[in-house]
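The values are calculated or read from the model by the stated rules, or taken from the named source; none is laboratory data. Every value quoted in this text rests on a predicted model; they were computed, and no experiment measured them. Every residue, glycine among them, receives a Cβ derived from its backbone with ideal geometry; neighbour counts consider all protein chains shown.
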Amino acid sequence: MDFEYSQEQRMLTDSLRRLVEDNWSRPKRRERQGAGVLNLNAWSSLVELGIGGLLVPEEFGGFGETPATMLAVHQELGRGLVSEPVISSAVIAVTLLANCQNQALKQQWLTAHAEGDAVLAVAWQEQGERDAQRPLCTRATVSKDGYSLEGRKILVWHGAGAQALIVSAVLDGEVALFLVPADTQGVSVQDHPTFDGARAATISLKGVQLTKTQLIASGVAAEQLLTLALDHGIVALCAHACGAMAYLTDSTIQYSKTRKQFGQPLAAFQVLQHRLGDMLIQSEMGLSMTYVATNALGEPDAAKRSRLVSMAKVEVAAAARLVGEMSVQLHGGMGMTDELEVGDYFKRLTYTDMLLGDTNFHLQRMQDLNAA
Amino acid sequence: MDLTWTAEERAFRKEVQDFLKAKLPADLRAKAFAHHRVTREDFVRWHGILTDYGWGAPSWPKEYGGTGWSPLERLIFEIESFKAGAPRLIPFGLSMIGPVLMKYGSQAQKDRFLPRMLRLEDWWCQGYSEPGSGSDLASLKTRAERVGDRYIINGQKTWTTMAHFADWMFCLTRTDTGAKAQRGISMILIDMKQPGVTVRPIKTLDGGADVNEVWLENVEAPLENLVGEENQGWTYAKYLLGHERGGIAGIGHCHRELAILKSLADRTMASGESLSLSSRVRDGINRAEGQLLALEMMVLRVAADQTDPGPKASILKIRGSELQMELARLQMQVAGADAWPYDPEWMFADASYHGPSPEYSPAAAAAYFDMRKTAIYGGTNEVQKGIIAKQIIGV
C-alpha cells in the first residue's frame, strides 16, 4: 500500500487544480451553468488534460488508468464543483462500454470519447422505479433489421449534452443495453436544470429503430455491466464529494476565523470549534471509506465489490450532509444566501445521497448481498 | 391535572375547522400543499377574509379588534389553519410591533397604526439585524440623530423579511453612542416609502428572495415615531421576542408538513409499491410524528403557563427548528432523485410547467435548503443553547 501520488498522478492533479481554479471560479462556473447547455470549451479543456480518455483502454486511444487515479482526479473536480459530465460520461458510460464485448461500438465511441469528440449518457432510470437498476417500461422488440425501442427514461445526467445514449430496456424478459445516437429518429430529449447547476433530461423513445450492431449486451451480462458501471460512478461521486467537503471545511474554518460576533471570532467559541472538528472527522472518514471503495473496484467478486461500494455511498452521503449543513450553520444568515460559495457546495453535497441510489437503496443492497 | 381537551376547547376546534372549510380559498390551500410561492396579494386576501369574520387578530385583546382568545385557543387556531393549508399570518404587525405599541406606544401611535395591521393595509417589516450584528444584535450601528423635530437615520439593515413589500419598518437604532451596547438603542417607526430607503432583495438557496438588505440614508422620522422612551428600545425588542411564545416552535407548520410527507410517501411508487410500505421510510415518518406530538404538548404546556417560560422558550425554538428541518429532509428523501431537477420558476403556481417529476418533487429539495434558516434566525440554535445553559446553571 502506498498513499503517495505517483509522479504522473501528481502532475495530473496539479494541472487539474490549476485549470479548475482558473476556469471554474464561481463567476465562470455560474455563467456556464446559466447558459443551460454544455460548454464545449470547458469540456475540451478537461479532455486536453486527459479526463475524457482516463478510463478508456489504451487500445482505443485512452490511458487505461486505475481506479486510484480516478479517485485523485474526482477529488480535484469536486473541489471546484465541476458540473460537466465527467462522472456520467467519462466514468459511467466509458466503464460500461469498455467492459462490453461489442468491438465495433467500442472502437467508434470509446475512441471518440478519448478524443473529446463525443459525450455519452446512460439512461437507466424510469418513473416509479426509484433507483432500481432493472428497466420496467422501456421495451425493445426484435424488428426486421434489428430492434425497435419504446419507452421513457428520466433523470438522465447530462442527457441533452450527449451525442449518444446508452439505454436500458426489456428485451424478451431480460435486460438489454443499446447504444442510441441522440439524433436517431424517435428520440426526443427534454432538458432540465438541476438545483446544483448540472442538467438532467427526460428522454422519450418512440418507434426508435436500431440495427443489430447497436446492442451492447443482454441478459446477465447487461445487468453486470450496468452494475459495474454504476459502481464506478458511485466511487467517482464519493471522491467528488470528498473534494467538495475538503474545500468547504477549509473555507468554513477560514470564515470562522474572520467573522466576529460578541467581540470574538466565531472560531473562539467552543461549540463552533467542535462543529468544525466534526466536519473534519466526517470529511476524513468519508475519504477513507472512499479509498476502501476505490480499492473494491478491482475486486473480481462482483457481489463483494458492490457491497463495499454501497457502504461507501451511505457513509459519504452522511458525511456530505453533515459537512454541508454545518457549513451553512457556521456561515449563519450568509450561508442561506445564493451569494456565497457555501450554498453551491451545500447543494452539490446534498446530491451525493440522491444520485445513483439513495441511502435506503444502498442499505437494502447491502442487506441483499449479505444474504446472497 | 386533566390532559384531555374540554368540551369548550373541542367545540372551538370544530368551529375553526368549519370556518376554514367554508372560507379558505381552494387556490390558497393548493399552493400550501404544493409548496408554491404565496404572493403579497394572497396574504392580503387571507388577512381580509379573517378580518371580515372577526378573526383578523387572533392574539389581540378585544379592545383592539382582536379575538380575545386564550393562548390555547390561539394555538388551536394556528394548528388547524396550517393543517387546512391556510397561508401563515404575517407576523410583523400582528405579533411583533402591534403588541409592543399596545404596551409601550403612544395613544396616537395606537390609533394610527393598530387598525391598519389586520388587513395588512400597512405592511410592516422588522429592522433588526445588520451586516455586522446578527447573533450579537446589541452591537448594531444604525444611527438615529435628533435634529429639530425629527430623527435623521443612517445605517444598513439585513435579513429584513419581506421589506420589499413593506410600508413601514420598526427599526432598532442607536441614539446614544456613549452608552454600552443595549443601553443606547431606540425603536423608531420608519416610513419605507421615502427617499433614502433602498431595498435590495437577497437571493437565497432555494432561488427565492424573501429577505432583503435595506439601506437607510438620511431617512427622516418625526419625533412622535419614537416608540416609548429614547434609549429603551432593547427592552421593547425583548418584550417583542417574548410575546408570541407559541409561535416560535412552528407547530402548525410542522403539522402541515407531516401531512404532506405522509401523502408523498403514499403516492410515491418504487417497484410497484408505495414508499410508505418501506420500513426504512416509515420509521423516519413515525419518529417525526412522535417528536411532533411531544413538541405540541411542550408548546401547550408553555402556553398554558403564563409565568416566565425561562429556558423553555429556547427549547421550543430549538426543537421546533430541528423538527421543521427534519420534516423537510424526510420529504426530500421520499422524493429521492426526483427532487434533483429544479428551476425556481417551477415554484410559482401560475407557471405553466412544473418540471419533469410529480409536481411536489422540485419543492422538496428547495424546502430542505430553505428550512436550514430556522436554525439560524431568531437567535441561532447555538445562542439558544447558551441561553438555556445560563438559566439552568445560573451564571
| message | Please verify whether A:Lys257 is outside the structural domain of A:Leu96 (by TED's automatic domain parsing) and part of a helix (DSSP H, G or I), treating the condition exactly as stated. | response | yes
| query | Can you pull out the residues in region B:130-155 that are within 14 Å of another protein chain (Cβ to nearest Cβ) and touching a Lys or Arg at 6+ places or on another chain (Cβ under 8 Å)? | reply | B:Glu130, B:Gly132, B:Ser133, B:Leu140, B:Lys141
| field | Test result for B:Arg183, under 29 Å from B:Pro61 (Cβ atoms) and either modelled with pLDDT of 95 or more or in the same structural domain as B:Leu205 (by TED's automatic domain parsing) (or both) | value | no
| request: For A:Ala198, indicate whether it is farther than 21 Å from A:Phe361 by Cα, within 15 Å of the chain's Cα centre (by Cα) and either away from chain B (no Cβ under 14 Å) or of a type outside the set (S, T, N, Q) (or both). | output: yes
| query | Does region B:249-269 contain any residue that is within 14 Å of chain A (Cβ to nearest Cβ), free of Cβ contacts under 8 Å to residues at least 24 places away in the same chain and aliphatic (A, V, I, L, M)? | reply | yes
| task | Select from region A:156-178 the residues that are more than 12 Å from A:Ala222 (Cβ to Cβ) and in a strand (DSSP E or B) and list them in ascending order. | result | A:Val156, A:Trp157, A:Ala164, A:Leu165
| message | I'd like the full set of residues that are under 20 Å from A:Arg275 (Cβ atoms) and of a type in the set (D, E, K, R), limited to region A:313-343. | response | A:Glu315, A:Arg321, A:Glu325, A:Glu341
| query | Among the residues of region A:101-135, how many are more than 14 Å from chain B (Cβ to nearest Cβ) and either in a helix (DSSP H, G or I) or at pLDDT below 95 (or both)? | reply | 13
| message | Considering only residues that are over 25 Å from B:Leu300 (Cβ atoms), part of a loop (DSSP other than H, G, I, E, B) and not aliphatic (A, V, I, L, M), which ones fall in region B:68-118? | response | B:Gly105, B:Ser106
| Exclusive hit being part of a loop (DSSP other than H, G, I, E, B) and free of Cβ contacts under 8 Å to residues at least 60 places away in the same chain, set A:Gly64, A:Gly52 | A:Gly64
| Which residue pairs have Cβ atoms under 6 Å apart, sit 6 or more places apart or on different chains, and have a first residue in region A:124-153 that is farther than 19 Å from A:Thr359 by Cα and a second that is outside any strand (DSSP E or B) and at pLDDT 90 or above? | A:Leu136/A:Glu126; A:Cys137/A:Glu126; A:Gly146/A:Lys212; A:Gly151/A:Cys137; A:Gly151/A:Thr138
| Looking at region A:335-358, which of its residues are in contact (Cβ under 8 Å) with a residue 40 or more places away in the chain, among the aliphatic types (A, V, I, L, M) and either farther than 30 Å from A:Glu129 by Cα or at the interface with another protein chain (Cβ under 9 Å from one of its Cβ atoms) (or both)? | A:Val342, A:Leu355, A:Leu356
| message | The conditions are (1) in contact (Cβ under 8 Å) with a residue 40 or more places away in the chain; (2) more than 9 Å from chain B (Cβ to nearest Cβ), and A:Glu315 fails exactly one of them. Which is it? | response | (1)
| note | Among strands (runs of 3 or more DSSP E) entirely inside region B:163-281, those with 3 or more residues being in contact with a helix residue (DSSP H, G or I) (Cβ under 6 Å, 6 or more places away or on another chain) are B:168-174, B:185-191
| request: Within region B:75-119, count every residue that is out of contact with any Lys or Arg (no Cβ under 7 Å at 6 or more places or on another chain) and closer than 17 Å to B:Arg256 by Cα. | output: 9
| task | Sort through A:Ser288, A:Ser283 and tell me the only one that's more than 14 Å from chain B (Cβ to nearest Cβ) and free of Cβ contacts under 8 Å to residues at least 12 places away in the same chain. | result | A:Ser288
| field | Among (1) part of a helix (DSSP H, G or I); (2) free of Cβ contacts under 8 Å to residues at least 12 places away in the same chain; (3) buried (at least 23 other Cβ atoms within 10 Å of the Cβ), the one test that A:His192 misses | value | (1)
| query | Can you find a residue in region B:283-296 that is out of contact with any Leu (no Cβ under 9 Å at 6 or more places or on another chain), within 14 Å of another protein chain (Cβ to nearest Cβ) and without any contact (Cβ under 8 Å) to a residue 24 or more places away in the chain? | reply | yes
| note | The residue that is nearest to B:Ala163 (Cα to Cα), considering only those in region B:108-125 that are touching a strand residue (DSSP E or B) at 6+ places or on another chain (Cβ under 6 Å) and crowded, with 23+ Cβ neighbours inside 10 Å, is B:Cys125
| note | When B:Ala367 is run through (1) more than 10 Å from every other protein chain (Cβ to nearest Cβ); (2) more than 18 Å from A:Phe346 (Cβ to Cβ); (3) hydrophobic (A, V, I, L, M, F, W, C), the failure sits at (2)
| said: Among the residues of region B:281-291, are any closer than 28 Å to B:Tyr104 by Cα and basic (Lys, Arg)? | reply: no
| said: Could you check region B:307-326 and list, in sequence order, the residues that are of a type in the set (Ser, Thr, Tyr) and closer than 9 Å to B:Ala249 by Cβ? | reply: B:Ser321
